[in-house]
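Let me begin by handing over the structure; questions about it come next.
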Amino acid sequence: MEYRRFSTLDSAGVFLCFMGLLSRVWVLAEQEVENLSGLSNNPDKDIFVVRENGTTCLMAEFAVKFVIPYDVLALNGIDLITEQASLALPRGAEIEGKCGSTEADLQISWINNAYVFRIFFSKEVRSSKSDGKVKETVVWKISKVQLVYDTSESTHFINAYNPGKHTASTHHLSALVTPEGRSYECTAQQTLTLISSDHQKGVTVSLSDIQIQPFDIKSDFVFSETYKCITDQREQLEETLPLVLGLILGLIIVITLTVYHFHLKLTATQPQLPRDRSLYKNM
């Protein structure tokens, strides 16, 4: 009886392990991640897509560069000198992602996890007061950016002192704030400073040529209506303002010439009266 009881419990344990493994495989099968950077015409621009249940739930396109300070030993063998490693994402980077109704994240890693770049997104409700009434709007934003890097990776970190892994993160970040249901687009460079666990050094992350949407994507592989950053809006205004002013000036010139032309026609058709009054008798 004891042997039979042990066998039953053991079989139940195996069954539960099998079901757990099956459920994990099922979850993984429902999520797909794709690095489509090879489709970009810009060699510095990367394209990442996260899909769940056969539908796109997160899309990100951007060019990114990192500037990471690190220490090297001076020639005297005593002092430390700070050098800088500059790097960008390689085309063959691996990606992972997580989608949700209010939180999402994108993880990009390369060179056997020597570098792991993560972007965290979140939704929030913001209140604004207008005409004595409180209006609530839902927006999404980047709430955190994190970079894990290994200074023992000698391709970029040459002769690093005390090499090892470090984590650089933002604190209380609220970047790329975008209205709900829209994608964020910005050609201009956006620079973030991350504080590293390596003696509080500042790691610079520069994003440009950006289009991102982590929530509410309506069509597969298609961004929703864009929300342009303030810098792009200002540049667009600076580009169109001379054109508008030129059109207005041209219109003013045309109106002036038209009025002058009609004035000449009116004055030309009026009868000319003689200045000498004696000539009136012959009229």
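What's the carbon and sulfur percent of region 64-171's accessible surface, probe 1.4 angstrom, rounded to a whole number?
Result for region 64-171: 47 percent of the exposed heavy-atom area is carbon or sulfur.
Between ILE95, SER208, GLN190, whose Cα lies farthest towards the positive end of the dipole of region 29-225 when Lys and Arg beta carbons carry +1 and Asp and Glu beta carbons carry -1, centred on the Cα centre?
Checked the options; the winner is GLN190.
For each pair in LYS98/LYS218; LYS98/LYS135; LYS65/LYS129, compute the distance between the two Cα atoms and list the pairs where it is over 27 Å.
Too far apart for the 27 Å limit: LYS98/LYS135; LYS65/LYS129.
Using only Cα atoms, locate the centre of region 154-189 and the centre of region 117-136, then give the distance between them in Å, rounded to an integer.
23 Å
When the convex hull of the Cα atoms of region 42-85 is projected onto a plane and the area is averaged over all directions, what value comes out in nm²?
Convex hull of Cα atoms, orientation-averaged projection: 5.4 nm².
Using heavy-atom solvent-accessible surface (probe 1.4 Å) with all chains present, what is the largest-first order of GLU180, GLU52, GLU153, GLU225?
GLU225, GLU180, GLU52, GLU153
Thinking of region 92-157 as a set of Cα atoms, what percent of all their pairs are more than 17 Å apart?
The proportion of pairs with Cα distances above 17 Å equals 57 percent.
The values are calculated or read from the model by the stated rules, or taken from the named source; none is laboratory data. Values in this document were obtained by computation on a predicted structure and should not be read as measured data. Every residue, glycine among them, receives a Cβ derived from its backbone with ideal geometry; neighbour counts consider all protein chains shown. To get the accessible areas, we keep the full protein, side chains included, count just its heavy atoms, and leave off ligands, DNA and RNA. Shrake-Rupley method; radii C 1.70, N 1.55, O 1.52, S 1.80 Å.
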